[in-house]
């Protein structure tokens, strides 16, 4: 029965039971962590063959000595791998160093100080970014570092609320960009629908000059089910409506091979790649092509097989979270959560005003969760109800134990709040 | 006999002989390249053991799984390697990704937009940088990309002309930084004297707030002779006079292991490293620690032995250049060149106004040289006399052939110029 429909006596009985269980859990010295989207050691083991895979042959099939300087667009074979991962033509892709976040910084730096699809943003005051929420905290930190104002737009099951996005872009010429994690979105796990992708591709038609879509396709191949969910090709759709220069796409092997030790990709129109290469040439003589060659040899042509092995390790953890939350919370009317078909995160929504309290309760019971608010710009979730769960790094047993504690904390915090509300 | 002292008849005879030889060389379809400071394949072969050196063990002696995110200061073992290369305490060093040029960009970005040792430079107009010339073209390109004005200061055999540097810093508060390649300077090959290092370390005492010394110690261990030349510790000397926050140091293994596939280092005071780590955290979750671990395993404790093997490959090429220039140009009074004890470059000075002409002549004869002017900000050598030679990448035979052609072109251009001057 829904907590909200319990009478006060039943609520207080429930509170007493939960408080007793919480006290017992707190005494059991748990130390569990669901904070960050890191691959588990067993996932990393899947790529241990990377080191040594070259067997002394450092020359690419295309004839480039990977050990020397040059080739700012990356090895052809690494660009082909990017094409396989991102579903784009290789000539639209630059294969780069280990961090797509660094590429995002460099692209925003280029748009802000030098201009990408239009004049530089630096002259504008203020510059504004649309941030679908819940979203990825590192996008927000990066954006804030440029002094750019962030405007929240709610996520739906099919992507950002596009009516709101279009209205913002049309009404305010200071709006210069939107952040998107279009497949298995961080943290909700939703996949943008074809309609949403199409509307995003045409945003520049409504926006002021220099508008950019930052398309962080971090989980492009991180599927749990096969055949996997399909994401529409935003670059092709943008090019079809004359906006090819207004979309920049990002990808990475950080959660395919080694986290921080892989290679990354940036993609866009020919004009965008020319401008990015010119910017890169200021700060770089060439990417680490040795690691690009390793990745091309290791992954080229077998990305899906590799990701199936990841799925076998990751899916059970997501299923465990869902199973335990269902068993503990079904029918109580106090929480909703996502059931992604891929990616790295689950988003959970408490009743309003309880997320920070649940995270605190869990922390005191030995279960570390991502700080409440981290899913929103400036660390402020206006409804204080969003919690991001990252089940990949912990072992399956730890995920189960942590989720049991989380469910308990949600029940305890919710019962207390509902009981307190009866008095007001 | 010096060309300037030949009578017109002798000069014209010389010109005729040289023109005949030049014509013969031009017909011989040479294709030689002394343009860039790239390691030769045999040098790269010295590090072929890097790939595979981990033998499946990705955990550092310090207990860090190199395959996962984190550790923005780098693996402790990689910082120790930086200490061995740069002669600094490991705790003053961040071990980073493959490119020290990227670190330089990030440091200048930090100083310019956010402030490092003082307020950000962005409010100042104009911001000025002191560029000892001849210098490194990529420093100039990077500096120019921020809209910073570059002021030339001549190099001497012991480093920049410090009287000029100090006068500039004292007289103009817009001067915010100086670029230094202190050991085997690019391109002269000189090593800054202890007196010069001391005066640079104390520059901030004379300069406006936020002044920075960018100390690009790219050739710290790239010696041809052992025991090698010793460079004074600028950071210790700066700290001794209260200027520790005003010096940032850079290093890299790009010309130790793989060019663009190694690891890089940035070093400075504790306050500087805190600020840089905060900046890096905006754009990066962690460096490629797998490659850091490879480098620590491969090079740790044996840097000098490895560099001796490089020296055995590189020294003969430098000696060949010097030998051929001596044999061809001694006593003619038309060129001077450096005889570095390490590094990657030789600088050659023609009589004024001839560098571009010599580079053109050589190019038409099939010998590509770094464009004249590249050693100076904005690509403008005001005396048009500086030519940078990069003898490492070509084979010894190619270096010999290219230097013969170069010497011929210098003689031909000089004889023509001196002859023409007789008529005016």
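The values are calculated or read from the model by the stated rules, or taken from the named source; none is laboratory data. The shown structure was predicted, so the numbers you read here are calculated from the model rather than taken from an experiment. Please note: Cβ atoms are built from the backbone with ideal geometry, for glycine as well, and neighbour counts cover all protein chains shown.
Being closer than 23 Å to residue B:19 by Cα and touching a strand residue (DSSP E or B) at 6+ places or on another chain (Cβ under 7 Å) narrows it down to one residue among B:354, B:361, B:332, B:369; which is it?
Just a single option satisfies the conditions, and that option is B:369.
May I ask you to verify whether residue B:258 is within 14 Å of another protein chain (Cβ to nearest Cβ), in a helix (DSSP H, G or I) and either more than 16 Å from the chain's Cα centre (by Cα) or under 17 Å from residue B:93 (Cβ atoms) (or both)?
no
Return the total of residues in segment A:283-310 being surrounded by fewer than 20 Cβ atoms within 10 Å (Cβ to Cβ) and more than 23 Å from residue A:54 (Cα to Cα).
Going through segment A:283-310 one residue at a time, the tally reaches 1.
Within segment B:164-186, is even one residue outside the structural domain of residue B:386 (by TED's automatic domain parsing) and closer than 13 Å to residue B:378 by Cβ?
no
Within segment B:230-249, does at least one residue satisfy the condition of being under 14 Å from the mean Cα position of the chain (by Cα), outside any loop (DSSP other than H, G, I, E, B) and within 24 Å of residue B:109 (Cα to Cα)?
So far as segment B:230-249 goes, yes, one or more of its residues are under 14 Å from the mean Cα position of the chain (by Cα), outside any loop (DSSP other than H, G, I, E, B) and within 24 Å of residue B:109 (Cα to Cα).
Being surrounded by 21 or more Cβ atoms within 10 Å (Cβ to Cβ), assigned by TED's automatic domain parsing to the domain that holds residue A:110 and in contact (Cβ under 8 Å) with a residue 60 or more places away in the chain narrows it down to one of A:244, A:189, so name that one.
A:189
Looking at this structure, is residue B:116 closer than 15 Å to residue B:268 by Cα, touching a strand residue (DSSP E or B) at 6+ places or on another chain (Cβ under 9 Å), in the same structural domain as residue B:286 (by TED's automatic domain parsing) and not in a helix (DSSP H, G or I)?
yes
Can you name the number of the only condition in (1) under 27 Å from residue B:385 (Cα atoms); (2) without any contact (Cβ under 8 Å) to a residue 12 or more places away in the chain that residue B:166 fails?
(2)
Which residues, counting only those in segment A:261-279, are closer than 14 Å to residue A:79 by Cβ and surrounded by 21 or more Cβ atoms within 10 Å (Cβ to Cβ)?
As a first pass, look at segment A:261-279 and keep what is closer than 14 Å to residue A:79 by Cβ: A:263-268, A:270, A:273, A:276-277.
Correct list: A:263, A:264, A:265, A:266, A:267, A:268, A:276.
Might you let me know whether segment B:30-38 holds any residue that is closer than 30 Å to residue A:55 by Cβ and at pLDDT 95 or above?
For segment B:30-38, residues closer than 30 Å to residue A:55 by Cβ and at pLDDT 95 or above: present.
What single numbered condition from (1) modelled with pLDDT of 95 or more; (2) more than 8 Å from every other protein chain (Cβ to nearest Cβ); (3) in contact with a helix residue (DSSP H, G or I) (Cβ under 8 Å, 6 or more places away or on another chain) fails to hold for residue A:122?
(1)
Listed residues A:219, A:192, A:184; which is touching a helix residue (DSSP H, G or I) at 6+ places or on another chain (Cβ under 9 Å) and assigned to a loop (DSSP other than H, G, I, E, B)?
A:192
Quick one: residue A:109 ticks every box in (1) outside any loop (DSSP other than H, G, I, E, B); (2) touching a helix residue (DSSP H, G or I) at 6+ places or on another chain (Cβ under 6 Å); (3) within 13 Å of chain B (Cβ to nearest Cβ); (4) surrounded by 19 or more Cβ atoms within 10 Å (Cβ to Cβ) bar one, so which box is it?
(2)
Any residue at all in segment A:11-23 that is over 20 Å from residue A:305 (Cβ atoms), exposed (fewer than 14 other Cβ atoms within 10 Å of the Cβ) and within 14 Å of another protein chain (Cβ to nearest Cβ)?
The answer is no, given that none of the residues of segment A:11-23 is over 20 Å from residue A:305 (Cβ atoms), exposed (fewer than 14 other Cβ atoms within 10 Å of the Cβ) and within 14 Å of another protein chain (Cβ to nearest Cβ).
Say we look at segment B:134-163 and pick out the residues that are farther than 16 Å from residue B:184 by Cα, out of contact with any strand residue (DSSP E or B) (no Cβ under 8 Å at 6 or more places or on another chain) and more than 14 Å from chain A (Cβ to nearest Cβ); which of these is surrounded by the most Cβ atoms within 10 Å (Cβ to Cβ)?
Here the residue is B:162.
Just checking, which of B:284, B:329, B:293, B:299 is at pLDDT 95 or above and outside the structural domain of residue B:229 (by TED's automatic domain parsing)?
Details: B:284 fails: outside the structural domain of residue B:229 (by TED's automatic domain parsing); B:293 fails: outside the structural domain of residue B:229 (by TED's automatic domain parsing); B:299 fails: outside the structural domain of residue B:229 (by TED's automatic domain parsing).
Every option except B:329 fails the conditions.
For segment B:279-309, what are the residues that are more than 14 Å from chain A (Cβ to nearest Cβ) and part of a helix (DSSP H, G or I)? Quick ask: steps written out before the conclusion?
So in segment B:279-309, the residues more than 14 Å from chain A (Cβ to nearest Cβ) come out as B:299-309.
Correct list: B:299, B:303, B:304, B:305, B:306, B:307, B:308, B:309.
Within segment B:226-254, track down each residue that is more than 24 Å from residue B:199 (Cβ to Cβ) and in contact with a helix residue (DSSP H, G or I) (Cβ under 8 Å, 6 or more places away or on another chain).
Of everything in segment B:226-254, those that are more than 24 Å from residue B:199 (Cβ to Cβ) and in contact with a helix residue (DSSP H, G or I) (Cβ under 8 Å, 6 or more places away or on another chain) turn out to be B:226, B:252, B:253, B:254.
Inside segment B:48-59, can you point out the residues that are surrounded by fewer than 20 Cβ atoms within 10 Å (Cβ to Cβ) and more than 7 Å from chain A (Cβ to nearest Cβ)?
Residues satisfying the conditions are B:49, B:53, B:55, B:57, B:59.
Within segment B:23-39, is there a residue that is assigned to a helix (DSSP H, G or I), without any contact (Cβ under 8 Å) to a residue 24 or more places away in the chain and over 19 Å from residue B:394 (Cβ atoms)?
Yes; the residues of segment B:23-39 include at least one that is assigned to a helix (DSSP H, G or I), without any contact (Cβ under 8 Å) to a residue 24 or more places away in the chain and over 19 Å from residue B:394 (Cβ atoms).
When residue B:332 is evaluated against the numbered criteria (1) under 24 Å from the mean Cα position of the chain (by Cα); (2) farther than 25 Å from residue B:135 by Cα, which criterion, by number, is the only one it fails?
(1)
I'd like to verify a number: residues in segment B:63-73 that are closer than 19 Å to residue B:285 by Cβ and away from chain A (no Cβ under 11 Å), how many?
Here the count works out to 2.
Quick one: would you say residue B:266 is under 30 Å from residue B:51 (Cβ atoms) and in the same structural domain as residue B:104 (by TED's automatic domain parsing)?
yes
Looking at B:75, B:81, B:86, which is the one that is assigned by TED's automatic domain parsing to the domain that holds residue B:275 and either within 30 Å of residue B:387 (Cα to Cα) or at pLDDT below 95 (or both)?
Exactly one of B:75, B:81, B:86 is assigned by TED's automatic domain parsing to the domain that holds residue B:275 and either within 30 Å of residue B:387 (Cα to Cα) or at pLDDT below 95 (or both), namely B:86.
Residue B:373 is checked against (1) under 16 Å from the mean Cα position of the chain (by Cα); (2) under 25 Å from residue B:192 (Cβ atoms); (3) touching a residue at least 60 places away in the same chain (Cβ under 8 Å) and fails just one. What number does that condition carry?
Unmet for residue B:373, out of (1) under 16 Å from the mean Cα position of the chain (by Cα); (2) under 25 Å from residue B:192 (Cβ atoms); (3) touching a residue at least 60 places away in the same chain (Cβ under 8 Å): (3).
Considering each of B:81, B:44 in turn, give the residue that is buried (at least 19 other Cβ atoms within 10 Å of the Cβ), in contact (Cβ under 8 Å) with a residue 12 or more places away in the chain, out of contact with any helix residue (DSSP H, G or I) (no Cβ under 8 Å at 6 or more places or on another chain) and not in a loop (DSSP other than H, G, I, E, B).
Exactly one of B:81, B:44 is buried (at least 19 other Cβ atoms within 10 Å of the Cβ), in contact (Cβ under 8 Å) with a residue 12 or more places away in the chain, out of contact with any helix residue (DSSP H, G or I) (no Cβ under 8 Å at 6 or more places or on another chain) and not in a loop (DSSP other than H, G, I, E, B), namely B:44.
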